[in-house]
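Single-structure report; data block below.
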Amino acid sequence: MFTSMWNFIKRHKKKFVFSGFLVGGGVYLYKYAQRRFKDIQEKEAAECLKHARQQHHFDSNQRTCNMTVISMLPTLREALIKKFDTDAVKESLKNSPENKLELWEKLKVMSLTRIICVLYGCSILCLVLRVQLNIVGGYMFLDSMFNRNGMTQNMAVVPKELQERYLSLIRHFMDYGLFQLCDVIHEAVEKEIKSVSLKERLSFHNLKAISDQIRERIESSPEISDLQSPTLMLCTYMLPSESHTSMETENAQEKMYQQLVQETRDVLESPDFHAVLHTCLNRGFAKLLDSMADHYREAATDQQQNLHEVGIPMAKLVPVMSGLMFKLCSDTPNPLIQELLLLDQTKTLAANIYEAFSQQEELAAIIQQEV
């Protein structure tokens with residue numbers, strides 16, 4: 001029996017060898033496929049977990065940004081009230097002074113200047129803070145991911161004190177840039193409406209044309225080419241000049257701070273940022289005109305009367321523009337700020353910045369340099 005079996009095996013030796021290889025290879029491939037499938041599943045699970053953490057951190061970062069903007073509104077409002085104190089002019093007018101006409105002219109320019117400063121101030125404040133918090137937010141997410149994996153020995157690339165120093169850059173705009181911008185706006189408004197008599201009746205169309213001309217004066221600059229965004233000149237008010245922030249240093253933290261500032265400057269000068277800023281300003285001026293339109297509707301003698309047929313003396317529009325300051329720069333609920341923060345373009349810009357600065361390659365390069 002064994003002899004016949006052995007002879008059978010010898011006659012079919014090649015078939016048995018081939019079958020053995022085939023079965024062994026199949027088993028190996030099956031186990032390899034199982035191992036690869038398990039690795040892929042684990043990798044996908046890790047990626048899903050990472051994206052979930054990233055999304056949670058991003059959403060939390062946006063809420064922080066919104067609250068920070070809202071918390072700074074009173075500071076912005078008080079700065080503009082102090083810069084353009086229309087109440088003091090009104091008090092002087094109550095005493096029937098000899099220069100009554102001059103004071104009315106001053107009140108006319110101040111009221112319109114102040115509300116336009118609100119539009120620019122709120123737009124810039126919303127976007128600059130959004131940029132800063134998403135840049136530092138991206139780095140913070142990377143810190144958390146690398147520290148979780150034990151790759152940076154719990155040493156943050158952007159330590160808390162550096163974060164605070166970097167985020168305090170917004171004080172440059174609030175303390176200096178805003179007032180410089182106010183002077184530019186005041187000059188543009190004065191040139192545009194100085195010749196408009198207080199008795200002149202303005203239609204809604206006239207008012208819109210005046211606001212468009214003022215905006216063109218503010219944003220036009222001989223240094224800006226036709227290929228660049230007209231709002232590019234506004235960058236000079238958002239951050240300190242490069243000469244004030246760039247310096248040679250061997251200190252690692254100082255280098256990181258300068259890198260953060262330069263990265264912020266690059267974003268603020270990018271076409272994407274100015275496309276969103278332009279949209280925010282469009283919404284701001286639309287909000288201003290919508291509020292003025294309500295006043296024109298109230299002044300219409302006939303409900304069927306076309307809004308553009310209604311004329312209101314400039315003197316009656318001045319108190320309305322002065323009062324809009326406390327509507328468009330109010331604490332919550334603020335219709336202007338709420339709209340600016342909820343713009344799809346603003347959200348997309350924030351997501352793109354956060355995504356760009358939360359990539360592992362960014363932190364890996366920094367760690368490599370430090371090592």
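Values as computed for the structure displayed
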read-out	value
Qualifying positions in the range 301-321 - in contact with a Lys or Arg (Cβ under 7 Å, 6 or more places away or on another chain) and either buried (at least 17 other Cβ atoms within 10 Å of the Cβ) or under 13 Å from LEU73 (Cα atoms) (or both)	ILE312, MET314, VAL318
Helices (runs of 4 or more DSSP H) fully within the range 252-362 counting 3 or more residues that are closer than 26 Å to GLU216 by Cβ and acidic (Asp, Glu)	271-299
Residue that is surrounded by the most Cβ atoms within 10 Å (Cβ to Cβ), among those in the range 178-219 that are acidic (Asp, Glu) and part of a helix (DSSP H, G or I)	GLU192
Tally of residues being touching a helix residue (DSSP H, G or I) at 6+ places or on another chain (Cβ under 7 Å), farther than 30 Å from GLN213 by Cα and open to solvent by 60 Å² or more (accessible area, probe 1.4 Å) across the range 246-300	3
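This table checks each residue for (1) touching a residue at least 60 places away in the same chain (Cβ under 8 Å); (2) open to solvent by less than 10 Å² (accessible area, probe 1.4 Å); (3) charged (D, E, K, R); (4) over 29 Å from ASP266 (Cα atoms).
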{"residue": "GLU91", "(1), (2), (3), (4)": "no, no, yes, yes"}
{"residue": "TRP104", "(1), (2), (3), (4)": "yes, no, no, yes"}
{"residue": "GLN132", "(1), (2), (3), (4)": "yes, yes, no, no"}
{"residue": "GLY137", "(1), (2), (3), (4)": "yes, yes, no, no"}
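The values are calculated or read from the model by the stated rules, or taken from the named source; none is laboratory data. On a predicted model such as this, the values are computed, not experimentally measured, just so you know. Neighbour counts run over all protein chains shown; Cβ positions are idealised from the backbone, glycine included. Surface accessibility is based on the protein's heavy atoms, side chains included, excluding ligands, DNA and RNA. Shrake-Rupley method; radii C 1.70, N 1.55, O 1.52, S 1.80 Å.
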